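Working notes, beginning with the structure itself.
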Amino acid sequence: MTDEKTNELFKRYKETGDEKLRNEIAEKYLYIADILAKKFVGRGVEYDDLKQVAALALLRGIERFDPDMGMQFTTFITPTIAGEIKNYFRDKSRMVKVPRRLGEISMAVKKYASEYESKYGEKPNVRNIAKALSLSEEDVIKALEIGGTISLDGMAPSADGEEDRSLYSLISADEDKYEEFETKETLRAAIKDFDEQEQLLIKYRYVDELSQSEIAARFGVSQMFVSRMERKVLAKLREKLKGAF
């Protein structure tokens, strides 16, 4: 179905409120809800529950979307669904009473991670934290999971357990799916006013997944300069995406 036909379908639904039209739109874009739900599996919530949250977010998004905005629905709905899933994790965490020991571990982990990042310009992985604090990797992962807040640059365990990556890099890791629901377009619009070096930093760090040291070598600057620049760029990006996420 072309974008023109999709927009026409939305306009007809807005005019009539026909649930059959809404369901037709939902079926076309249900794959986005499925992809995003799978991205958050492994954080203490079953896939079926995440899929339900994502599907409901899709329906709400269909209700809110205005084809006259000049934006493709895929560009609109991707951050909308991701935001609903994040809110679900946040709300769920507030209902769970955290054991005292785990709360103490969480505070220690956050303190160590903050100090490590300030010193080295990058986030420590789970194995590094566990070794430094004499904890099991399982305890560290549990400590990182409590609180429920998931940010673009927050740490998340990788599927193979080898190394932690940012949620941002996890979402953009699968190039085929990345292209499929056009997250690239959302990011491209958000960074269009960034200067050339800032755009290159985003590409190198979150698409090519280079380390800060590797980026520093390409730019001919220090690793600490790249670290400061990355924090500045992420702050700008979060501000740009505030309404969407």
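Here r is the Cβ-Cβ distance between S211 and D49 and R0 is 30 Å; the resulting FRET efficiency, rounded to 0.05, is 0.30. Students often get this wrong, so check it: of K111/K240; K203/K232; K86/K236, which have C-alpha atoms separated by over 22 Å? Flagged as over cut-off: K111/K240. Here the Karplus curve 6.51 cos²θ - 1.76 cosθ + 1.60, taken at θ = phi - 60°, turns the phi angles of segment 14-20 into couplings of 4, 6, 9, x, 5, 5, 5 Hz, with x standing for Gly and Pro. Sorted ascending by nearby beta carbons within 10 Å, beginning with the fewest, V109, V53, V221, V140 become V221, V53, V109, V140. Ordered by the number of other Cβ atoms lying within 10 Å of each residue's own Cβ, fewest first, E104, E137 fall into the sequence E104, E137. Taking the number of Cβ atoms within 10 Å of each Cβ as an exposure proxy, the fewest-first ranking of S118, S136 is S118, S136. Taken one residue at a time, the phi angles of segment 105-117 give Karplus couplings (6.51, -1.76, 1.60, θ = phi - 60°) of 5, 4, 5, 5, 5, 5, 5, 5, 4, 5, 5, 5, 5 Hz. Gly and Pro are set to x.
No lab work stands behind these numbers, since they all come straight from the coordinates. On a predicted model such as this, the values are computed, not experimentally measured, just so you know. Here Cβ is always computed from backbone atoms with ideal geometry, including for glycine, and neighbour counts include all displayed protein chains.
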